């Protein structure tokens, strides 16, 4: 259940109550696609980085180790020893971005596994069944994620099918939650808005799906080839049509600036692989902007990545040492970098919530909307 | 300064006093070749795994990031934020095992870097200078490590040169330690015994080098192609010729059984990449023997790797989860596996010391000398 605590313009400060604990929003979910944060941060460490919600993936976990195995081990949370809430992505995006030889019909999608090429079928019911086995806190609806640009005709057809799929997801999830053998009878379902970059289709689709009884709604199909201006325009256009009593989740976005901007438009939930993926290449996010640690000027720099940062990398190691580790491709380097970047993203959300609580969000937003996208100078 | 606390047969329980803290022996040094444990355990975590001494490598650090950089950053211990003692290997072994196009003369070795092919020269003086820049607690002498088998003629020639090199190492280290600009004026030097698999040459060489004023002596050139029987025979033959008032270090060895056996012969120091290298492939060491976690029978096993083990992997995660991580090549998997294996090796040494302290080492040795080499059955 979503509780709106405070509003500043369109920006919302809230709490989302779940059976696995409260989520303070706006929130950034930390991505552990295969039930582990890529780069070497385990779930014990994740707690210390300020993570509230872990995000895993239906498609990946279905293929390996298998959702039935995870069910037998007590569900995804017990499997990876994470006590807090978990959101599972539906597999829709991955089926369309990773799998090969896919064939889409009204029933669902037939595709070849990216691991061993074996043939797999996934539709709304299968996605719900897998997510029910995973027993996540929040399940995502199974949708078609269209690459941008796409023709208006295709987008319209696809979003109508995604709407019909959402109804099937809802029915299947109701059936599964009522099953006495289910691991999480309170599993929630978020619907996903699609419609490409066509404002009217986006609004039309949002108006359709909001009539389905979901626990939250996401904007999907962004950060998939469109411009940043298109992305912001769509959020701006869709947001007023989203229910105010339910959380809004902008899927797969984005840079610290993108997140700050989207909070300003009224978004509550985020996820992105950017902090982990960038970390592995030595790209760090800080309150003064971005820095790449492999730069020669950091070779003898005894300072931490960011002065005052309380992450394990900054509390214990110098830029010089971390630069060496990243260049030598030592795993400890990527581990420290991932820890810093996740800490930064989680801390960014904490500072955003503080600003909303304290009534100075607009000032905070104006100050950081440019700084966070710049290059660190010192 | 080495203090012998207790002896049980040939096995020795001692303390090695250094300016960077006492080392309780027998001890296993945890290998961080490039100033980091491979697989993702940082120096903060290393403390919690019972590690007493970290071991880094002269050859690797000279090439990257450069020993002068590390000197400028305050030495290897400050660079990697490790307060305890550090032993640096001399680079001899790596020059002979990793570098290409090497040419050996009385002066030293000219070779091509394995990173960028650039031409490098290293002799006894250069190795001491680099290790002085690294400012480790213990420096190793620069020697030639011969592959087994080798002809008697070549081994004799080589070990005589290694002896002459040791004298040059001693002189150079004395000069460096007296330099007012040196970071660690108390840097210690260990000599290295060579002689291939020829018992008489081994003894002859040991008798030569023990006259050089070293802080400890190592047996080098083992675990490089000879049989386990040859290895044990050489330790058996050389050990009585090693000074009793100085620590003895068996370089690059080995399995838990090898270590237990060598302690039984009177060895005090060990190092090996086995716990880290095996971990990355899902091979775990336990008190019931070895196990490979990728085995199908562990797919749904909710137990920890080893019941009762206090390492971070066993305290928090199941065999099922760790198996999944190793199979999915998630870094968290190798990180947990490395943590377990290092914890096991350090714990093995602790239990060996306890057995020596408690006067039941022979019983301990008889019990575990076979078990530790077996396959876990459950």
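No value in this document is a laboratory result; all are computed from the given coordinates. Quantities reported herein were computed from a predicted structural model and do not represent experimental measurements. Heads up, the Cβs are rebuilt from the backbone with ideal geometry, glycines too, and the neighbour counts pull from every protein chain shown.
Could you list all residues from segment A:309-366 that are touching a strand residue (DSSP E or B) at 6+ places or on another chain (Cβ under 7 Å), facing chain B (nearest Cβ under 10 Å) and under 26 Å from residue A:269 (Cα atoms)? Matches in segment A:309-366: A:335, A:338, A:339. Those helices (runs of 4 or more DSSP H) of segment B:50-111 in which 1 or more residues are crowded, with 23+ Cβ neighbours inside 10 Å, at the interface with another protein chain (Cβ under 10 Å from one of its Cβ atoms) and touching a residue at least 24 places away in the same chain (Cβ under 8 Å) occupy B:58-63, B:67-72, B:76-79.
Conditions tested, residue by residue: (1) free of Cβ contacts under 8 Å to residues at least 24 places away in the same chain; (2) buried (at least 20 other Cβ atoms within 10 Å of the Cβ).
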| residue | (1), (2) |
| --- | --- |
| A:322 | no, yes |
| A:326 | no, yes |
| A:329 | yes, no |
| A:362 | no, no |
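Being without any contact (Cβ under 8 Å) to a residue 24 or more places away in the chain, within 14 Å of chain A (Cβ to nearest Cβ) and assigned to a loop (DSSP other than H, G, I, E, B) is the filter here, so list the residues in segment B:296-308 that pass it. B:300, B:301, B:302, B:303, B:304, listed by residue number.
For segment B:135-154, the criterion of being buried (at least 17 other Cβ atoms within 10 Å of the Cβ), closer than 13 Å to residue B:35 by Cβ and either within 14 Å of another protein chain (Cβ to nearest Cβ) or in contact with a helix residue (DSSP H, G or I) (Cβ under 9 Å, 6 or more places away or on another chain) (or both) is met by at least one residue.
Consider segment A:279-295 and keep the residues that are farther than 21 Å from residue A:37 by Cβ and part of a loop (DSSP other than H, G, I, E, B). The one that is nearest to the other protein chains (Cβ to nearest Cβ) is A:294.
Applying the selection to segment A:16-49, what residues are at negative phi, at the interface with chain B (Cβ under 10 Å from one of its Cβ atoms) and assigned to a loop (DSSP other than H, G, I, E, B)? Residues satisfying the conditions are A:32, A:33, A:34, A:36, A:38, A:42.
Residues are listed down the side, and each one gets a yes or a no for (1) free of Cβ contacts under 8 Å to residues at least 60 places away in the same chain; (2) under 28 Å from residue A:255 (Cα atoms):
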{"site": "A:166", "(1), (2)": "yes, no"}
{"site": "A:175", "(1), (2)": "yes, no"}
{"site": "A:178", "(1), (2)": "yes, no"}
{"site": "A:195", "(1), (2)": "yes, yes"}
{"site": "A:214", "(1), (2)": "no, yes"}
{"site": "A:222", "(1), (2)": "yes, yes"}
